[in-house]
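The structure appears below as structure tokens.
Where a number appears in this text, it was derived from the coordinates with a stated rule and is not lab data. The model shown is predicted, which means the values in this text are computed figures rather than measured ones. FYI the Cβ positions are ideal-geometry reconstructions off the backbone, even for glycines, and counts take in every protein chain you see.
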Amino acid sequence: MQLRAFREEDAESLANNADNPRVAQFLPEVFPVPYTVDDATWWVTIGHELGNVCNRAIIIDGKCAGSIGVTFLEGMYKHTAQLGYWIGEPHWGKGVMTRAVAEFVPQIMAEFQIKRLYAPVVHNNAASIGVLRKAGFNCEAVFKSNIFLRGRFYDEHIYAKYS
């Protein structure tokens with residue numbers, strides 16, 4: 001597993017891993033379903049750099065299998081960032097995301113002087129909660145019915161890690 005900047009040649013493998021409703025089920029609705037090669041091309045050329053963000057491709061055997069990134073907050077929250085990630089279903093349960101988070105988080109926190117890194121998680125996304133716990137994140141709060149996603153309400157768990 002390697003983390004690196006996105007490249008145009010990642011579009012096809014990115015689309016192959018992203019075009020899956022099970023991958024998208026707990027991601028914000030801006031994540032396209034279906035996820036086409038055009039969507040992936042937009043992401044690798046433009047989308048991954050829009051806003052105050054730092055995103056990396058998760059590479060397995062030379063192919064883009066997913067994404068990990070942070071959105072930096074501003075103003076009085078400038079030392080806080082939000083973590084997000086996903087990985088294609090063929091790579092689930094193999095520890096890939098746990099390794100990606102373990103590698104990415106310390107680099108981002110040090111490079112950008114992040115004091116608090118947090119990740120919002122849908123309450124029944126046990127795999128993501130497990131990844132965060134293994135990476136040293138702790139649950140700070142639970143907001144009941146705070147997320148409305150794909151026609152359903154979910155409790156939101158906020159996990160955070162401090163430098």
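Would you please name the GluC sites (Glu not before Pro) within segment 25-100 that are DSSP coil residues with at most 11 other C-beta atoms within 10 Å of their C-beta?
Qualifying residues, ordered by number: Glu29, Glu74.
What are the aspartates and glutamates whose alpha-carbon lies under 17 Å from the alpha-carbon of Lys144, with same-chain residues fewer than 8 places away excluded?
Those aspartates and glutamates meeting the cut-off are Asp155, Glu156.
Tell me, what HN-Hα J-couplings in whole Hz come from the Karplus equation 6.51 cos²θ - 1.76 cosθ + 1.60 at θ = phi - 60° for each residue of segment 114-125, using x for Gly and Pro?
7, 8, 10, 10, 10, 9, x, 9, 5, 4, 9, 8
To check my understanding: the extent here is largest minus smallest coordinate of the Cα atoms along each principal axis. What are those three numbers for the chain, in Å, largest first?
Here the spans come out as 37, 37, 31 Å, largest first.
Mind ranking 152-160, 75-83, 9-17 by how tightly packed they are, going by the mean number of other C-beta atoms within 10 angstrom, highest first?
9-17, 152-160, 75-83
Quick one: compute the contact order of the chain, relative version, from alpha carbon pairs under 8 angstrom and 6+ residues apart, as a percent.
Dividing the mean separation by the residue count of the chain yields 20 percent.
How long are the three semi-axes of the equivalent ellipsoid for segment 86-163, computed from the Cα gyration tensor as the root of 5 times each eigenvalue, in whole Å, largest first?
Ellipsoid half-lengths, sorted descending, are 22, 18, 10 Å.
Label points 7 Å out from Cα along the Cβ direction at Arg133 and Tyr162: separation in nm?
2.1 nm
Could you work out the helix-only [θ] at 222 nm for the chain, with each DSSP H run of four or more residues adding -39,500 (n - 2.57) and the total divided by the number of residues, to the nearest 500 deg cm²/dmol?
Helices in the chain give a 222 nm mean residue ellipticity of -8000 deg cm²/dmol.
Explain nothing, just compute: Karplus ³J(HN,Hα) = 6.51 cos²θ - 1.76 cosθ + 1.60, θ = phi - 60°, for every residue of segment 40-45 in order, whole Hz, x for Gly and Pro.
Values, residue by residue: 5, 4, 4, 4, 6, 9 Hz.
Using θ = phi - 60° and the Karplus relation 6.51 cos²θ - 1.76 cosθ + 1.60, list the HN-Hα couplings for segment 144-150 in order, rounded to whole Hz, with x at every Gly or Pro.
Running phi through 6.51 cos²θ - 1.76 cosθ + 1.60 with θ = phi - 60° gives 5, 6, 8, 10, 10, 9, 6 Hz.
What is the log10 of I(q)/I(0) for segment 50-111, computed with the Debye formula using one identical point scatterer on each Cα and no solvent, at q = 0.17, 0.24 Å⁻¹?
-0.60, -1.01
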